[in-house]
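Everything below concerns the one structure shown next.
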Amino acid sequence: MGYKFKDKEEFKEEFKTRIIAKYGRSIEQSHITEKYMVLGTMIRDYAAMNWKASKEEIAKKNEKQMYYFSMEFLVGRLLTNNLMNLGIYDIVKDGLNDLGIDINELEEMESDAGLGNGGLGRLAACFLDSLASLGYAGHGNCIRYEYGLFKQKIVDGKQVEVPDQWLKLGNVWEVRKPKHAVNVKFYGSVEMEMDIYGKAKINHVGAQIIRAVPYDMEVVGHNTNLTNTLRLWSAEPAEDASNSQEFGEYIRDVIAINQNVYPDDSTEAGRYLRLKQQYFFVSAGLTALIKAHLRVYDTLDNFAEKNAIQLNDTHPVLAIPELMRILMDDYLYEWDDAFRIVQEAVAYTNHTVLSEALEKWPVNMVRTLLPRIYMIIEEIDRRYCYDLNYKYYRSDLINSTRIIIDGQVHMANLAIIGSHSVNGVAALHTHILINDVFKNQYAIGPQKFNNKTNGITHRRWLVYSNPQLKALLDKTIGESYIEHPQDLEKLMNYVDDVQVQEEFLQVKLERKKILAAYIKEVTGIEVDVNSIFDVQAKRLHAYKRQLLNVMHIIYLYQKMKEDPNFRIFPRTFIFAAKAAPAYTFAKKVIQLIHAIAERVNNDPDISQYMKVVFIPNYGVSIAEILMNAADVSEQISTAGKEASGTGNMKFMMNGAITLGTLDGANVEIVDRVGYDNALIFGLKVEDVETMKRANSYNVWDYYNHIPHLKKIVDSFIDGTWSDNKDEFKIIYDELMFKNDEYFLLADFDAYQATQARIREHYKDRHHWARMCLVNIAKSGYFSSDRTIEEYARDIWHLNKITVK
Ligand SMILES: *Cc1c(COP(=O)(O)O)cnc(C)c1O
């Protein structure tokens, strides 16, 4: 194994031999899943040579490495990506073709890795791709979830969750590494004794011990031999699990850890399980990391010099007390020395300003599940308060920034105190962190705070998933943008070139045809590829305001029904979104979209002007055919709520026009393309703040004084969309009896007017194409390569590595 084929003929030989060796069958007799698995394993082994060389090079040069701890890595499929990054796609494609196999059919066999749920997880996956491609040693740590979030089916117009069995065919990219397994301890109690030198020795007794076994996945970079590792931890029974727990119960506890990403937290057992997952992968990851460090160096004194740890949101923040525990209890460091190492090694990324998403855990839970960790958290908190009191004499500062407040452990505060860097994910978001959410933390440690605007890997999201656009770019500006995405800027020289504009429109049409065929296949709906494709694809959440989009659709429908002279330029409104299983409002919005689609699409007066489509089971692979077929990118969150967004960047890079609020990274998109090339509307962060502070917003004023708003809102409860008038009452109540928390009615008229302008822009084909081309030209900044260069330079201090 580890054989590297050099050309098509060698590939074919190897492929044939492996099919026979593995399944005892000829190629003709083998099943398509067998062909897929053999190909996947072959590519994994091909890259394994680089993997070994990378590890050796890093050890030889004593290079610093970065470990990205994240609850999610939404990597999507890897076959195409890895073949492309390795530069062997064409060899393999042609070789398979000779053998009578269509590579596209094998690509379709792969499941999206079910290791996450949305933007945060996709960011982690984009980062891994950029790290390897840029030559940085940066690895991931996560859990090997048995099932993904869930598979979304639509039954009678409603979301139904079914298990996402992404491991059905196994995961061809992973390698089980039992020799690196470690134990993780939960529950029990802590006993202290004095050793012969008078030093306190900690014994964690009566613990539930669970074995953590790593499965390593190669992370293959583009045009480089450097190969990093995504390590997925799996829970198994420990051999010495000698506590008093009944055996069946123990096994159930073990299995539960791997079962799902974000288990239901509506019960206490569910909340314990989430906390358990967090500690499980963090403890296992750090223990293995310390051991690896000690295989190369004989001390941990230089741990922070050689290892950077990035915490993706607060889920892995237990890394801070856990690293303290290991350093003090296992390697006998004094508190101050240990804390210095921890702070120097750890950095924290904040992803949200929504208060309900800023994690807090009850003290009782943490103490029960993780008794030793809780002691350390308490001590970090005690020392923090002591130091601050000495420095400032400001109890208000202390009480708002300490870790333990009112019986709860505030994970973000723990992260800020225990790290040297705190970053937001877009300029506006970091501004809000500094001036609002973490204002007091900023006053105490301003040097920790910095911005790292998110990015997306332009390889997956442009070069590989949009070959039509790639071909046009290659021909027009050359291929340098593939290595240096900022070179997309060269396209600015061609935005007025009528020929290039025409060719771009042709590319877009091709992509729209591909999406239209997929829509027909999964929903049965025929869409007009000459209509404007208006797409909103993201998790369903009140703050993202899919409902605002829906209200506009209702508005157009009602107006066209009322006035036979009012007709719009044909539009296809496309939605794709999963709603959290317990999020009733979000699920109702999905149901409403289906009810409206049913009506609109089947109304002969209307359906030639407007269609509504909901694409089920949104995930990475669907995003890859959806974003690049869009004309309009809906980014309409309430200003101040979307930290960055990355969907907005994928659309932009493929030449869609942002229709958005000044929120998250939309602000930086407009900074680059200008207000002529993005359609911006609505309240700004300051407006929202002012209205909230003055308590001046009253949804009923809008409802009572603007007839078309009343008509739209009334349609939720007057039987328009369902024979049962109560069917969508939750939506009505959410708007009207919670004073429209996300300001939909306040923003509606501005949104509607901006939507109307789209038609004017679109009618002039060349003008529209020019706008799209400007967006592509300015999108290089949003490559995650730029983001990773900034992290590497400002936070991690990594060197680039060349592997022969
Ligand atoms: C990019 C992406 C997201 C993030 O979308 P936002 O619009 O930024 O919320 C979520 N899910 C998938 C599958 C993605 O590819």
Next on the checklist: Give me log10 I(q)/I(0) at q = 0.12, 0.16, 0.20, 0.25 Å⁻¹ for region 534-607, Debye formula, one equal scatterer per alpha-carbon, no solvent.
Outcome noted: -0.35, -0.59, -0.86, -1.19
Checklist entry - Taking only DSSP H segments of four or more residues, each worth -39500 (n - 2.57), what value at 222 nm results for the chain once the sum is divided by all its residues, to the nearest 500 deg cm²/dmol? => result -14500 deg cm²/dmol
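Quick one: putting +1 on the C-beta of Lys and Arg, -1 on the C-beta of Asp and Glu, what dipole do you get for region 705-762 around its Cα centre, in Debye to the nearest 20?
Computed charge dipole of region 705-762: roughly 240 debye.
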Next on the checklist: Once R0 is set to 30 Å, what does the formula 1/(1 + (r/R0)^6) return for the Cβ-Cβ distance between ASN565 and LYS711, expressed as a FRET efficiency to the nearest 0.05?
Outcome noted: 0.95
Checklist entry - Arranged from highest to lowest average of other beta-carbon atoms within 10 Å per residue, in what order do the peptides 329-335, 415-421 appear? => result 415-421, 329-335
Checklist entry - Sorted from largest down, what three extents in whole angstroms do the Cα atoms of region 665-723 have along their principal axes? => result 47, 30, 18
Next on the checklist: In whole Å, what are the extents of region 213-287 along the principal axes defined by its C-alpha atoms, from largest to smallest?
Outcome noted: 52, 32, 18
Item to check | Whole-number Å³ per residue for the convex hull built on Cα positions in region 78-127 | outcome: 72
Next on the checklist: Treating only the Cβ of Lys, Arg, Asp and Glu as charged (+1, +1, -1, -1), what charge dipole size does the chain show about its Cα centre? Round to the nearest 20 debye.
Outcome noted: 480
Next on the checklist: Rounded, prolate or oblate for region 192-252? Axes are the square roots of the Cα gyration tensor eigenvalues, ordered a ≥ b ≥ c, and the cut-off for rounded is a/c under 1.5.
Outcome noted: oblate
Next on the checklist: For a bin width of 10 Å, list the pair-distance distribution of the chain built from all Cα-Cα distances, rounded to whole %.
Outcome noted: 2, 13, 22, 25, 20, 12, 5, 1, 0, 0
Checklist outcome for this item: Check: C-alpha center region 147-177 vs C-alpha center region 634-657, spacing in Å is 26
Next on the checklist: Could you tell me how far the Cα centroid of region 585-602 sits from the Cα centroid of region 208-239, in Å?
Outcome noted: 42
Next on the checklist: Loop-only chymotrypsin sites (Phe, Trp or Tyr not before Pro) in region 673-717, please: DSSP not H, G, I, E or B, and at most 10 other Cβ atoms within 10 Å.
Outcome noted: TYR675
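State whether region 153-289 is rounded, prolate or oblate according to the following rule on the C-alpha gyration tensor (a ≥ b ≥ c being the square roots of its eigenvalues): a/c under 1.5 gives rounded; otherwise a/b larger than b/c gives prolate, and the remaining case gives oblate.
Details: a/c = 2.39, a/b = 1.34, b/c = 1.78.
Judged from the Cα gyration tensor, region 153-289 comes out oblate (a/c at least 1.5, b/c at or above a/b).
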Checklist entry - If we sort 93-103, 65-75 on the protection proxy, mean other Cβ atoms within 10 Å, highest first, what's the order? => result 65-75, 93-103
Item to check | Inter-probe distance in nm under a simple model that places probes 7 Å from Cα toward Cβ, at TYR675 and LEU505 | outcome: 2.8
Item to check | Mean Cβ neighbour count within 10 Å, used as a protection proxy, ranking 615-624, 724-733 highest first | outcome: 615-624, 724-733
Checklist entry - From the residues ILE731, SER234, ILE712, which one has its Cα farthest along the dipole of the chain in the positive direction, the dipole being from +1 and -1 charges on Cβ of Lys/Arg and Asp/Glu about the Cα centre? => result SER234
Next on the checklist: Could you tell me which residue out of ALA576, SER637, GLN608 lies farthest along the dipole of region 544-652 toward its positive end? Charges go on the beta carbon: Lys and Arg +1, Asp and Glu -1, centred on the Cα centre.
Outcome noted: SER637
Checklist entry - Expressed as a rounded percentage, what relative contact order does the chain have, with Cα pairs under 8 Å and six or more residues apart? => result 13
Checklist entry - What percent of all Cα-Cα pairs in region 432-542 falls in each 5 Å bin, counting up from 0? => result 2, 9, 12, 14, 14, 12, 10, 9, 7, 6, 3, 1
Checklist outcome for this item: Once the dipole of the chain is set up from charges on Cβ (+1 Lys and Arg, -1 Asp and Glu), the residue from the list ASN451, TYR618, ILE554 lying farthest towards its positive end is ASN451
Next on the checklist: Using only the alpha-carbon atoms of region 711-804 as identical scatterers, what base-10 log of I(q)/I(0) does the Debye formula give at q = 0.21 Å⁻¹?
Outcome noted: -1.02
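Values quoted throughout were computed directly from the atomic coordinates according to the rules given, and no laboratory measurement underlies them. Note that this is a predicted model, so its numbers are computed, not measured. All Cβ positions, even for glycine, are placed from backbone atoms using ideal geometry, and neighbour counts span all protein chains on display.
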